[in-house]
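Heads up: the structure comes next, in structure tokens.
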Amino acid sequence: MLKAYYRLIRPINALAGCIAVFLSAYVAGAPSWTPVVMAAITVLLITVSTNAWNDYIDIEIDRINKPERPLPAGKISPRGALIFSFTGSIISLVTAASINQPAFYIALGSNILLYLYSWKLKCTVLIGNAAVAIIIGLCFIFGGVAAGNIDPTLLLAVTVFFAMLGREILKTMADYKGDLLQNCRTIAVVWGKKTARVFVFIFLIISTALMVFTYFSEKYSPVYLYIIIFGMCPLFTYIAINAKSSSTGTTLERNSTLMKYGFFVWFLAVALGAGLAG
């Protein structure tokens, strides 16, 4: 049972959100880490609770695309996932309120938007993709709010927005078969996988350009630029080349996962770039 819930919450996604909060607070020069810790806990709770809600809503689609997930595999009941989701969301509002009022409003808006995403926005052309990208970008602003200084986090949030927008579209390509059968009208289903690939390519270029621009704008250490040039650029190039409309869902899902792990490389670049800046 515990293993099933572990898979339900998708801990890597939750961990990435927590790291984003700590990283942005570090860049923003947090005077106290207590509110930052509460912000990270809030992001953790929002992530795991809305992941459970997403799986509850997508159970029929997942029977086709991802039958190994806990709900379609029968390892967790839909009612259990629903209770888990609502409980986590409520607690996230309590932890956010303990930080400050802006943090509470961000947490409330994030919960609402993510619940709407799984319920209605996911099966739309670009709107649902943008909703998820906005929420992930807000993780960086949330860290700045907890630190009391959002200015150094804004460019990071915009960079993540475009990168995640590309990844979300890539995921619609990976989920094409199940979405088509369930009449889920994503960009890949409505406009075709070839068009979706063009958007993936465009947003990866924009996010890469923003990563390079950050070096000059924020005056980071050259270490940051080296990691971007020799780490992120080859990774994004590989993903763009292999995001073919003819690729199988498994291959596209693998590229999406690779991109997710690639963000940890960017996190390292930002931490070192800001920390070693002269």
Residue selected from the stretch 229-278 under the condition basic (K, R) and under 20 Å from the mean Cα position of the chain (by Cα), by the criterion modelled with the lowest pLDDT: K260
Those residues of the stretch 197-223 which are aliphatic (A, V, I, L, M), in contact (Cβ under 8 Å) with a residue 40 or more places away in the chain and within 20 Å of A133 (Cα to Cα), in sequence order: V200, L204, I206, L210, M211
Breaking point among (1) in a loop (DSSP other than H, G, I, E, B); (2) hydroxyl-bearing (S, T, Y); (3) under 22 Å from the mean Cα position of the chain (by Cα), for S32: (3)
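Hey, could you check the stretch 14-48 for residues that are among the polar types (S, T, N, Q) and free of Cβ contacts under 8 Å to residues at least 60 places away in the same chain and say which is surrounded by the most Cβ atoms within 10 Å (Cβ to Cβ)? Please lay out each step first, then the result.
First, the residues of the stretch 14-48 that are among the polar types (S, T, N, Q): 24, 32, 34, 42, 47.
Next, only the ones that are free of Cβ contacts under 8 Å to residues at least 60 places away in the same chain stay: 32, 34, 47.
Details: S32: 11, T34: 11, T47: 26.
The selected residue is T47.
Would you pick out the residues in the stretch 121-153 that are in a loop (DSSP other than H, G, I, E, B) and either charged (D, E, K, R) or in contact with a Pro (Cβ under 8 Å, 6 or more places away or on another chain) (or both)? Even if it seems obvious, please write down each step before you answer.
Kept after step one, since they are in a loop (DSSP other than H, G, I, E, B), are these residues of the stretch 121-153: 122-126, 148-150.
Of everything in the stretch 121-153, those that are in a loop (DSSP other than H, G, I, E, B) and either charged (D, E, K, R) or in contact with a Pro (Cβ under 8 Å, 6 or more places away or on another chain) (or both) turn out to be K122, G148.
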Residue selected from the stretch 239-266 under the condition hydroxyl-bearing (S, T, Y) and surrounded by fewer than 17 Cβ atoms within 10 Å (Cβ to Cβ), by the criterion nearest to E68 (Cα to Cα): T250
Residue that is farthest from Y117 (Cα to Cα), among those in the stretch 33-82 that are of a type in the set (S, T, Y) and modelled with pLDDT of 95 or more: T34
Meets criteria (surrounded by 21 or more Cβ atoms within 10 Å (Cβ to Cβ), not in a helix (DSSP H, G or I) and not charged (D, E, K, R)) for P70: yes
Residue match in the stretch 104-127 (condition: among the small types (G, A, S), surrounded by 21 or more Cβ atoms within 10 Å (Cβ to Cβ), closer than 28 Å to A25 by Cα and touching a residue at least 60 places away in the same chain (Cβ under 8 Å)): yes
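The values are calculated or read from the model by the stated rules, or taken from the named source; none is laboratory data. Note that the structure is predicted; figures quoted are calculated from it, not measured. In this analysis, Cβ positions are derived from the backbone assuming ideal geometry, glycine residues included, and neighbour counts consider all displayed protein chains.
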